Structures are given as structure tokens and as C-alpha cells.
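Take a look at the structure below.
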Amino acid sequence: MDDNLIFAVIGAGNTGQAMAGYLKLKGFAVRLYDRSEWRFKSLRKHSMRLSDEIVSSQKIDLLTTNLNEAVHGANFIIVSTATTAHIEIAKRLSEILTNDQTILLHPGRTGGALIFKKILRENRPDLKITIGEFESSIFTTRVSATGSTVHYYGIKNGVHFSTLPAVDVRKIFQILKDIFPQIETYPNVLYTSLNNYGAILHPAPTLFNIGRIENGHSYTHYIEGITPSIANFLEKLDYERITLGKYFKIRLKPLNVWLSDTYGSKGDNLYDLLHNTHAYRKILGPDTLQHRYIVEDTLNGLVPFVHLARKCGIGLPITENLTNLIGHLLNIDVISLGRDLNDMGIASMDVNQILDYVTNGD
């Protein structure tokens with residue numbers, strides 16, 4: 001493992017701070033960027049306190065609102081912003097990246113790596129970099145209200161990642177495997193994109209708990225917010241995701257199996273598995289409908305599922321009905337506003353061409 005690696009973490013929210021603290025604990029130089037200075041109010045005065053699954057105190061090398069300052073000379077740029085910011089971040093990075101840097105989306109959600117590839121190819125066609133994405137965050141985490149403590153409620157046993165082009169994945173894995181011992185590789189970024197479990201676990205339960213949310217009632221999202229009937233609905237929704245994968249010649253891992261493998265959860269059905277997932281017990285549900293659980297995970301999760309299914313010539317009735325209902329609830333056209341195949345640079349390709357593209361990057 002090269003101890004001289006420099007990491008730039010983009011985004012100082014829950015996931016970004018957790019990643020920055022973890023990398024610093026591992027002994028690397030870490031630069032943490034956010035566009036909002038208020039994110040650093042506590043961190044400029046105190047070291048970052050790591051709590052729960054990791055107990056430590058770490059001082060981040062650089063806290064900055066200057067993206068160029070964060071990225072210049074960094075070996076890895078880990079993008080941990082909300083995925084709704086991916087297009088903006090990709091455009092800004094395209095102006096300052098240099099050859100041989102690596103971008104890792106943590107996570108990419110559905111199509112994140114494809115979006116970055118399209119924008120970088122359009123703006124900097126001669127740039128030689130690798131783009132990778134994780135299927136989900138390595139950490140189940142929250143930053144305290146004061147911004148002084150990062151709570152690691154859980155660290156996943158296994159998280160898959162892939163690269164675009166896919167042929168670069170072994171090279172990146174050799175560098176990252178000692179830093180993140182739980183990571184495993186997937187053949188291409190269609191796997192990581194379609195294993196967007198947040199799109200299954202977040203929007204529907206948020207919708208079904210609208211009464212709690214709008215009446216100001218605090219509740220735990222995965223425990224109190226997911227009843228047996230809601231869990232049964234999520235299993236049907238997940239089956240459509242798995243069906244979509246088959247049309248791209250991908251055998252996707254069901255959500256139930258993923259929970260068991262990732263957290264060691266026990267249970268015969270999704271409801272039991274969720275209620276036996278220790279990392280989820282303290283995660284509160286949204287306090288507003290303008291929350292990433294329903295906005296981001298619909299626009300960048302459910303919507304691209306719908307577009308990819310249409311490319312395959314199939315329908316996903318539960319996914320489409322849920323997506324449209326959320327659009328009516330939020331009073332926005334989610335299909336038009338969400339990620340589509342043009343955003344991902346694959347609108348003109350057929351399924352076989354898409355598979356070739358994610359393998360070779362051309």
C-alpha cells in the first residue's frame with residue numbers, strides 16, 4: 001500500500017465526512033472540499049471525532065471551498081456529494097483534472113459513472129483518467145447536529161465497485177484493496193448502477209410515511225417506517241430491478257441477500273432482515289418531503305430504471321407507478337427531470353452496444 005497517496009473528498013456531508021475521517025485514520029493525506037463554508041464550522045476549531053464502530057480523533061489536512069485546491073495533485077478524487085450534484089461536479093472537474101487521476105463515485109447511484117464519462121469525454125476528449133463507482137456507501141453514518149462527531153453506525157462487510165472502462169478495474173482494485181478490505185469488483189458499471197439499493201429502500205417508505213412526516217412526527221426509517229406490508233411491497237419492487245438486470249445479461253443480488261451479506265442480518269423475509277440490521281436502528285426518517293430519500297433516489301434511481309427498461313423494450317409497472325405517484329406528490333415531472341439515457345451518453349446505443357461501451361469505454 002502506498003502511504004503517499006493523496007485523497008480529495010468532494011462533499012462534506014454525512015458520507016463525505018465519514019470517508020475523510022476513515023482515510024485519515026488509515027494514514028493518508030486528505031483534503032475535504034465542500035461548496036458551503038458552514039460545513040467546516042466545527043472542523044476548523046476541533047479535530048473530527050469518530051464514534052460508534054470507529055473510535056478516534058482525526059485532523060483533516062485541508063478543509064476548503066476551493067475545488068482546484070482540493071483536487072490539484074490528488075491521486076484519487078472521491079465524489080461523495082448528493083448525486084443530484086454529479087453533473088455540476090463533473091463539469092467543474094473537467095476543467096482542472098490532469099492525466100492519470102482517478103475519480104471514485106461514493107456512491108454513483110444509477111448511471112453516475114456514465115454521466116461523468118460523457119461530460120469528461122465532451123469537454124476533455126484527450127484526458128486519460130479512470131472513473132469508478134461504488135454500488136453504495138461503505139459506511140452507514142450520520143454527522144451529529146453540531147458537526148463535531150461522525151457516527152459510524154455500521155461498516156458494510158462487502159461493497160462492490162467497478163470502473164469505466166471496465167478493463168481498469170483490476171489496476172484500481174490492487175491499490176484500494178488494502179485501504180478498503182471489504183471491497184469486491186464487478187464486471188462493469190451496469191452492475192453497480194443497477195445495484196442501487198437506495199432506490200428500493202428509500203422513496204417508497206418515505207411516501208408511505210407521509211402522514212408522520214407532514215405532522216412532524218420523528219420515526220426511525222427502517223424500523224418504524226417499514227411495516228410488514230411495506231416490506232412486501234419493496235420485495236416486489238426489487239424483483240423488477242432484478243428482472244431489468246437480466247436484459248443486460250446481469251444476475252443481480254436480491255435486496256434480501258444483500259442485507260444478509262452486507263450486515264450479517266438474519267431473517268426469512270425483508271421485514272425481519274431490516275429489523276435485525278443493527279446499523280439501521282438509529283437512522284431517522286425524513287422530516288420533509290424535500291429529502292434525498294425521496295427526491296434524489298427517485299430522480300437518480302427509479303427514473304433511470306424506467307428509462308433503461310424502455311431501452312430494453314420492457315415495462316416495470318410497480319416502479320413506473322411509484323415514480324409517477326411521487327412526481328404528482330412533489331408536483332414535478334420526475335421522468336423529465338430525472339437521469340435519462342442522454343445524460344448517461346447511451347441514448348443512441350442498443351443493449352449490446354451499451355454492454356460493449358461499459359467494457360471498453362468507447
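The values are calculated or read from the model by the stated rules, or taken from the named source; none is laboratory data. All values derive from a computational prediction rather than experimental measurement. Because the Cβ atoms are built from the backbone with ideal geometry, glycine has one as well, and the counts that use them run over all protein chains shown. These area figures cover heavy atoms from the full protein model, side chains too; ligands, DNA and RNA do not enter into them. Shrake-Rupley method; radii C 1.70, N 1.55, O 1.52, S 1.80 Å.
Please give me the summed charge of the neighbours of Asn66: other residues whose Cβ is under 15 Å from its Cβ, Lys and Arg +1, Asp and Glu -1.
Every neighbour counted, the sum reads 0.
If you take all C-alpha pairs in the range 265-362, what percent of them are over 24 Å apart?
Cα-Cα pairs in the range 265-362 separated by more than 24 Å: 43 percent.
Report, to one decimal in Å, the Kirkwood hydrodynamic radius for the chain based on all distinct Cα pairs.
Roughly 20.7 Å, rounded to one decimal.
Summing +1 for each Lys or Arg and -1 for each Asp or Glu, what net charge is found among the other residues whose Cβ lies under 12 Å from the Cβ of Lys311?
The answer is -1.
When the helix-only estimate is applied to the chain (DSSP H runs of n ≥ 4, each -39,500 (n - 2.57), divided by the residue count), what is the mean residue ellipticity at 222 nm, nearest 500 deg cm²/dmol?
Calculated at 222 nm, the ellipticity per residue is -11000 deg cm²/dmol.
Round to a whole number: what % of the accessible area of the chain belongs to carbon and sulfur, probe 1.4 Å?
With neighbouring chains kept in place, the figure for the chain is 47 percent.
Jot down the radius of gyration and Dmax of the range 190-300, Cα atoms only, both in angstrom.
Over the range 190-300's Cα set, Rg and Dmax evaluate to 14.0, 45 Å.
Taking N as the number of residues in the range 1-106, what is its alpha-carbon radius of gyration divided by 2.2 N^0.38 Å?
Dividing the Cα radius of gyration by 2.2 N^0.38 Å gives 1.01.
In whole angstrom, how far apart do the alpha carbon centroids of the range 257-320 and the range 184-252 sit?
When both Cα centres are located, 2 Å separates them.
Summing Lys, Arg as +1 and Asp, Glu as -1, what charge do residues with Cβ under 11 Å from the Cβ of Thr163 carry, Thr163 excluded?
Around Thr163, the charge tally is +1.
Kyte-Doolittle mean at least -0.5 and Cα extent at least 18 Å along the axis: which DSSP H helices of the chain qualify?
Membrane-span-like by this rule: 228-247, 317-330.
Considering only protein heavy atoms, what per residue accessible area in square angstrom results for the chain with a 1.4 angstrom probe?
On a per-residue basis, the chain sits at 41 Å².
Would you please name the trypsin sites (Lys or Arg not before Pro) within the range 102-133 that are DSSP coil residues with at most 16 other C-beta atoms within 10 Å of their C-beta?
Answer in residue order: Lys128.
Report for the chain the percent antiparallel among DSSP-assigned beta bridges with both residues inside it, nearest 5.
Around 30 percent antiparallel, to the nearest 5.
Can you flag which of Lys236/Lys311; Lys156/Lys253; Lys91/Lys311; Lys24/Lys91; Lys26/Lys177 are past 18 Å Cα-Cα?
Going by Cα-Cα distance, Lys236/Lys311; Lys91/Lys311; Lys24/Lys91 fall outside the 18 Å limit.
Place a +1 charge on the Cβ of each Lys and Arg in the range 225-267 and a -1 charge on the Cβ of each Asp and Glu, then give the dipole magnitude about the Cα centre in debye, rounded to the nearest 20.
200
Hey, what did the range 23-111 get for relative contact order, percent, Cα under 8 Å, at least 6 apart?
Once normalised by length, the contact order is 27 percent.
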